[in-house]
Amino acid sequence: MSAFNVSLRLAGLRTWCAIAAACLGLATGAPAFAQAPDAQIKAGVERRLAERKARGITVAAADGRVTLTGSVSSAGAKADLIADAFKVDGVKEVVSELSIGKAENDRTLAERTIDQVRRSPYFTVFDEVQINVDRGSVTLSGYVTQPIKSDDLARRVSHIDGVLEFPNRLDVLPVSPEDDRLRNVIANILYRD
């Protein structure tokens with residue numbers, strides 16, 4: 001048996017003894033499990049943020065209400081951190097005091113958005129996407145042929161550094177096997193070597 005396994009077992013034994021003592025009220029004479037749930041909630045949220053490698057975010061917890069403070073790079077990053085906080089047991093509400101760093105300018109943000117749309121493996125000639133950028137708010141409108149396309153574009157665009165807001169107004173065309181067959185025929189005619 002290696003030293004690593006032995007130390008894990010010893011730590012496990014100590015933990016069980018501490019739990020048993022706490023249950024019996026022997027450790028300090030205090031009621032069993034006197035640790036504040038808010039401290040556990042805060043630790044849980046901080047652990048999730050560390051897994052995401054989020055830096056510079058302060059977490060406060062009171063009565064199941066978590067407050068996140070700090071700076072993030074995009075609206076998507078902000079939404080991810082809030083969603084992660086809600087995944088921690090005991091969290092009833094998340095208050096976001098997260099600020100988003102601004103992009104250089106709207107033109108640069110539009111160029112980055114175009115690049116991300118073009119990089120999507122799902123985007124095809126049968127999708128029509130218009131991009132509007134106004135003071136850091138990026139809006140996609142138009143239509144795509146499958147829900148996964150809208151989801152992928154939303155994820156990509158909302159995570160671009162400097163995106164302050166992201167209203168996704170893409171419509172998903174109704175799914176039709178006949179339309180898909182017709183698209184395949186057209187694509188084969190257009191792109192045949």
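The values are calculated or read from the model by the stated rules, or taken from the named source; none is laboratory data. Predicted, not measured: the structure shown is a model, and the values here were computed from it. We place every Cβ from the backbone using ideal geometry, glycine too, and count neighbours over all the protein chains shown. Heavy atoms of the whole protein, side chains included, go into the accessibility calculation; ligands, DNA and RNA do not. Shrake-Rupley method; radii C 1.70, N 1.55, O 1.52, S 1.80 Å.
What to note about this one:
- Residue in segment 167-174 that is in a loop (DSSP other than H, G, I, E, B), under 30 Å from Ser71 (Cα atoms) and of a type outside the set (D, E, K, R) present: yes
- Test: Asp161 is of a type in the set (Asp, Glu), open to solvent by less than 70 Å² (accessible area, probe 1.4 Å), in contact (Cβ under 8 Å) with a residue 12 or more places away in the chain and within 19 Å of Thr113 (Cβ to Cβ): no
- Test: residue in segment 68-88 that is out of contact with any strand residue (DSSP E or B) (no Cβ under 8 Å at 6 or more places or on another chain), over 19 Å from Gly162 (Cα atoms) and basic (Lys, Arg): yes
- Residue in segment 171-193 that is within 18 Å of Ala79 (Cα to Cα) and either at pLDDT 95 or above or hydrophobic (A, V, I, L, M, F, W, C) (or both) present: no
- Scanning segment 165-190 for residues that are of a type in the set (Lys, Arg), open to solvent by 60 Å² or more (accessible area, probe 1.4 Å) and more than 30 Å from Ala103 (Cα to Cα) yields a single hit, Arg181.
- Qualifying residue in segment 128-151 (condition: of a type outside the set (A, V, I, L, M), open to solvent by 50 Å² or more (accessible area, probe 1.4 Å) and assigned to a helix (DSSP H, G or I)): yes
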